[in-house]
Amino acid sequence: MKFNPVVHFEIYVDDMDRARAFYQTLFNITLEAMPAPAPGLEMEMWFFPMDKENGMNYYGAGGSLIKTSGYAAGRGGTLVYFGCDDCAVLAERAAANGGSIHQPKMSIGQYGFCAVVRDSEGNLIGLHSMN
């Protein structure tokens, strides 16, 4: 069995409607609303699509947009990479939908290509493709 130590990621946002629109348009997906994990906790969460049977497991990572006090959007120390068919196409889509291109598509040799974009909330996210 292969082990993937990443089981979940969170992208902090200030404006949930704007962030949801950005990510749904960027990846052509629908995010799913999730209830706060504890009663009385003021938190808005929208999850990226994932395999619900195997969600947080050793095979991949689930993740969500989070709006809550104490965690701000923008500059942080972690960069999440999303897989795609062509990172140049998604980088341009990000720029056209309220984000910007931080680093255009570049070769990473035998490992494919990557680009880095800033989302609508100021967070940096990575894009990875083999083409």
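Points to keep in mind about this one:
- Filter result for Arg118 (over 20 Å from Asn131 (Cβ atoms), open to solvent by 30 Å² or more (accessible area, probe 1.4 Å) and among the charged types (D, E, K, R)): yes
- Scan of the stretch 94-107 for residues that are more than 20 Å from Arg18 (Cβ to Cβ) and open to solvent by less than 60 Å² (accessible area, probe 1.4 Å), ordered by number: Gln103
- Screening Phe22 on (1) modelled with pLDDT of 90 or more; (2) loosely packed, with under 14 Cβ neighbours inside 10 Å shows it passes everything except condition (2).
- Residue in the stretch 25-48 that is more than 22 Å from Val6 (Cα to Cα), loosely packed, with under 11 Cβ neighbours inside 10 Å and charged (D, E, K, R) present: yes
- Checking Glu10, Glu44 one by one, the residue that is among the acidic types (Asp, Glu), modelled with pLDDT of 80 or more and out of contact with any Gly (no Cβ under 9 Å at 6 or more places or on another chain) is Glu44 and no other.
- For Ala91, the criteria (1) over 17 Å from Glu10 (Cα atoms); (2) exposed (fewer than 15 other Cβ atoms within 10 Å of the Cβ) hold in every case but one, which is (2).
- Residue match in the stretch 14-23 (condition: basic (Lys, Arg) and either over 15 Å from Asn123 (Cα atoms) or in contact (Cβ under 8 Å) with a residue 60 or more places away in the chain (or both)): yes
- Among the residues making up the stretch 20-48, those that are more than 26 Å from Ala95 (Cβ to Cβ) and outside any strand (DSSP E or B) are Pro35, Ala36, Pro37, Ala38, Pro39, Gly40, Leu41, Glu42.
- Within the stretch 89-131, the set of residues being over 17 Å from Arg75 (Cβ atoms) and part of a loop (DSSP other than H, G, I, E, B) comprises Asn97, Gly98, Ile108, Gly112, Met130, Asn131.
- Residues located in the stretch 66-85, provided they are assigned to a loop (DSSP other than H, G, I, E, B) and open to solvent by 50 Å² or more (accessible area, probe 1.4 Å): Ser69, Gly70, Tyr71, Ala72, Arg75, Gly76, Gly77, Thr78, Leu79, Asp85
- Here Gly83 meets each of (1) over 14 Å from the mean Cα position of the chain (by Cα); (2) over 30 Å from Gly40 (Cβ atoms) with one exception, condition (1).
- Test: Tyr58 is of a type in the set (Phe, Trp, Tyr), open to solvent by 40 Å² or more (accessible area, probe 1.4 Å) and modelled with pLDDT under 80: yes
The values are calculated or read from the model by the stated rules, or taken from the named source; none is laboratory data. Here the structure is a predicted model, which is why all the values come from computation and not from measurement. Cβ coordinates were reconstructed from backbone atoms using ideal geometry, including for glycine residues, and neighbour counts include every protein chain displayed. Accessible surface areas use protein heavy atoms only, side chains included; no ligands, DNA or RNA. Shrake-Rupley method; radii C 1.70, N 1.55, O 1.52, S 1.80 Å.
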